[in-house]
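Here is the structure we will look at.
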Amino acid sequence: MRLRRSVVALTAVLGLALVSACNSGDDKGSDSGLQKVSYLTSFGQFGREAYAYVALEKGYFKDAGFDVKISPGSGTVDVMKQVAGGQADYGIGDFTAIAITLGKQKLPVTTVGMIHQTSMAGIVTLEGKGIKEPKDLEGKAIGDQPGSTNQVMFPVWAKAVGIDDKRVNFIPSPPPALPTLLSTGKVDAIGQFMVGKPLVEKADKEGRKAVMLPFGKALPQLYGNAILTRSDLAKDNPDQVKKFTAALLKGLDDTMKDPAAAAEILKKHVPTTDVGVATQELELMKPYTLPVNSADPLGAVDTARVQKVLDTLVDANQLTKGGLAPGDLVTVDLAPKG
């Protein structure tokens, strides 16, 4: 009997050891041999985020050796904090908002490529609300997620277009509710990427057209969304970062070539997706992804332009002169090159 109990106990210990071995080590999938990686979208699961799901669906991540879990992000600042804290390995955030945030707090994150070569951020309203130009926003209420790209960038844009940002009231609002809040008059305008135009117009029961106030028109030097990762991951595992970035950008390339197919893939993974709206978003997004230099690949980064972004933020009193250098924002050696 004692021998039998000993055998049972030994079997249990060995079983626990085996389970532990399967759940530890280098984050390899227990049955696939792929490296588990977590990724955050920039803002929810709208059509503009479809490229990550395309990379997942078409096996680009798998081919690169990754088992990727995609989760919805809730704005640049939150994505930065989650990546910095190890809750995610990669994420997407607006480059200007990243720079402003790093100027205020030192988070161990870096960017390794651009999704958008031009900023898509801005303010959106509807016809009939008395807002036709930036000056009309003074005294108005804007709905947006705290820490979102649009809210963080607003003072920079306000200075560029000559309005007083302190005369504009931002109302904390969850991303999915923004179009409805605008349509029902709870707010006068919302923070929104310019590709959100079809989403905003579909949500309005009165059929009003969207009025777009893009930040990029006054600030063409600004980049849009960038690929984020932890600084230590970029330093210690550069090959992993390059492979992940290449797979993600391959998904972006396919998405821009066939927005309708990408929207269908997004719906497969996010059932609430409106395929028509998502397709329109992606069609509108294509020009924003194209490098200024046609010889450069998707995702390319220009160090001189990064410095221009920093100079712009210093001029707008959002950064201290000399406080940040391009290398504090971008690991250029890991960015795509032609």
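Which of the following residues is surrounded by fewer than 17 Cβ atoms within 10 Å (Cβ to Cβ), in a loop (DSSP other than H, G, I, E, B) and modelled with pLDDT under 50: Ser6, Ser24, Ser32, Ser20? Walk me through it before giving the result.
Details: Ser6 fails: in a loop (DSSP other than H, G, I, E, B); Ser32 fails: modelled with pLDDT under 50; Ser20 fails: in a loop (DSSP other than H, G, I, E, B).
The conditions single out Ser24.
Inspect the stretch 90-97 for any residue being at pLDDT below 95, outside the structural domain of Leu213 (by TED's automatic domain parsing) and surrounded by fewer than 24 Cβ atoms within 10 Å (Cβ to Cβ) and give the result as yes or no.
Checked the stretch 90-97: no residue is at pLDDT below 95, outside the structural domain of Leu213 (by TED's automatic domain parsing) and surrounded by fewer than 24 Cβ atoms within 10 Å (Cβ to Cβ).
With (1) in contact with a helix residue (DSSP H, G or I) (Cβ under 8 Å, 6 or more places away or on another chain); (2) polar (S, T, N, Q); (3) in the same structural domain as Leu284 (by TED's automatic domain parsing) as the list, and Gln105 as the residue in question, which single condition is left unmet?
Of everything listed in (1) in contact with a helix residue (DSSP H, G or I) (Cβ under 8 Å, 6 or more places away or on another chain); (2) polar (S, T, N, Q); (3) in the same structural domain as Leu284 (by TED's automatic domain parsing), Gln105 misses just condition (1).
Being under 17 Å from Thr273 (Cα atoms), free of Cβ contacts under 8 Å to residues at least 24 places away in the same chain and surrounded by fewer than 18 Cβ atoms within 10 Å (Cβ to Cβ) is true for just one of Thr184, Thr180. Which residue is that? Before the answer, list the steps.
Details: Thr184 fails: under 17 Å from Thr273 (Cα atoms).
Just one listed residue meets the conditions, Thr180.
I'd like the full set of residues that are part of a loop (DSSP other than H, G, I, E, B) and modelled with pLDDT under 95, limited to the stretch 176-205.
As a first pass, look at the stretch 176-205 and keep what is part of a loop (DSSP other than H, G, I, E, B): 184-188, 192-193, 204-205.
If the condition is that a residue be part of a loop (DSSP other than H, G, I, E, B) and modelled with pLDDT under 95, then Gln192, Phe193, Lys205 are the ones that fit.
From the list Gly86, Gly47, Gly93, Gly103, which one is of a type outside the set (D, E, K, R) and on the phi > 0 side of the Ramachandran plot? First the steps, then the outcome.
Working: Gly47 fails: on the phi > 0 side of the Ramachandran plot; Gly93 fails: on the phi > 0 side of the Ramachandran plot; Gly103 fails: on the phi > 0 side of the Ramachandran plot.
Selected residue: Gly86, the only one of Gly86, Gly47, Gly93, Gly103 that is of a type outside the set (D, E, K, R) and on the phi > 0 side of the Ramachandran plot.
Evaluate the following for Lys235: is it surrounded by 16 or more Cβ atoms within 10 Å (Cβ to Cβ) and of a type in the set (D, E, K, R)? Can you show your working first?
Numbers: surrounded by 16 or more Cβ atoms within 10 Å (Cβ to Cβ): no; of a type in the set (D, E, K, R): yes.
Considered against the rule, which asks whether it is surrounded by 16 or more Cβ atoms within 10 Å (Cβ to Cβ) and of a type in the set (D, E, K, R), Lys235 comes out as no.
When you scan the stretch 167-189, do you find a residue that is under 23 Å from Gly91 (Cβ atoms), in contact with a His (Cβ under 9 Å, 6 or more places away or on another chain) and hydrophobic (A, V, I, L, M, F, W, C), even just one?
No, the stretch 167-189 has no match at all.
Do we have Ile70 as surrounded by 22 or more Cβ atoms within 10 Å (Cβ to Cβ) and either part of a loop (DSSP other than H, G, I, E, B) or of a type outside the set (S, T, N, Q) (or both) here? Steps first, please.
On the way: surrounded by 22 or more Cβ atoms within 10 Å (Cβ to Cβ): no; either part of a loop (DSSP other than H, G, I, E, B) or of a type outside the set (S, T, N, Q) (or both): yes.
Considered against the rule, which asks whether it is surrounded by 22 or more Cβ atoms within 10 Å (Cβ to Cβ) and either part of a loop (DSSP other than H, G, I, E, B) or of a type outside the set (S, T, N, Q) (or both), Ile70 comes out as no.
The values are calculated or read from the model by the stated rules, or taken from the named source; none is laboratory data. Keep in mind the model is a prediction, meaning the values are calculated, not measured. All Cβ positions, even for glycine, are placed from backbone atoms using ideal geometry, and neighbour counts span all protein chains on display.
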